[in-house]
């Protein structure tokens with residue numbers, strides 16, 4: 001299956017509305033653009049592989065997918081990666097329907113995207129790992145920036161901060177469990193050793209980051225936080241670093 005067909009499908013998906021493509025027609029459209037199939041379960045395409053260049057300026061310069069496995073109701077979970085020529089590489093966890101995992105099976109005529117979980121382009125593309133727990137439940141682990149650590153689960157109460165939030169600014173990972181019924185919960189937050197934290201700017205512009213780092217005392221080892229511990233960290237941060245706690 002051509003990676004550009006997955007990219008096309010992901011771009012068509014909007015909100016909760018499913019989208020579908022004619023897979024055989026899509027394969028034919030990109031037939032002249034060669035791609036690499038590392039295995040039956042993963043493939044990648046790069047503009048550098050094709051001397052003829054883009055057939056369309058809207059195409060990504062890199063696209064890849066890796067299948068995690070099958071779910072209930074003939075659904076399949078996969079990771080999608082794309083770069084559109086900028087500095088950021090975007091990742092998504094994608095649930096599709098119509099894709100057979102039977103190597104001797106017939107290629108489906110229609111492929112439908114059921115859900116897309118955006119990993120974004122921060123911290124090396126966001127999504128770090130997908131794991132299927134049961135046929136109707138799976139885990140998404142995302143790499144996070146300091147800003148994402150503090151903003152996670154805050155909704156409209158997200159504090160405005162100067163914390164690092166760039167494509168290389170990683171502080172740890174967040175692991176969440178999802179079910180096909182739509183429910184989700186936080187498993188854990190893993191904080192990396194502080195030696196790997198983003199560099200703090202000098203002067204007042206780095207004051208908020210320095211304050212956050214001081215709230216994470218285990219500087220030489222990974223540390224894990226559960227939901228309650230993360231909420232406590234958020235309260236400490238607001239009270240001590242933003243001076244707007246209760």
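The values are calculated or read from the model by the stated rules, or taken from the named source; none is laboratory data. All values derive from a computational prediction rather than experimental measurement. Please note: Cβ atoms are built from the backbone with ideal geometry, for glycine as well, and neighbour counts cover all protein chains shown.
Here is how the numbers come out for the structure above:
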{"item": "Residues that are assigned to a strand (DSSP E or B), in contact with a helix residue (DSSP H, G or I) (Cβ under 6 Å, 6 or more places away or on another chain) and within 17 Å of residue 12 (Cβ to Cβ), drawn from segment 57-90", "result": "63, 65, 80, 82"}
{"item": "Exclusive hit being modelled with pLDDT under 85, exposed (fewer than 14 other Cβ atoms within 10 Å of the Cβ) and more than 30 Å from residue 198 (Cβ to Cβ), set 31, 102", "result": "102"}
{"item": "Residues of segment 172-220 classified as part of a helix (DSSP H, G or I) and under 19 Å from residue 143 (Cα atoms), total", "result": "6"}
{"item": "Hits in segment 91-125 (condition: within 19 Å of residue 62 (Cβ to Cβ) and touching a helix residue (DSSP H, G or I) at 6+ places or on another chain (Cβ under 9 Å))", "result": "92, 94, 116, 120, 122, 123"}
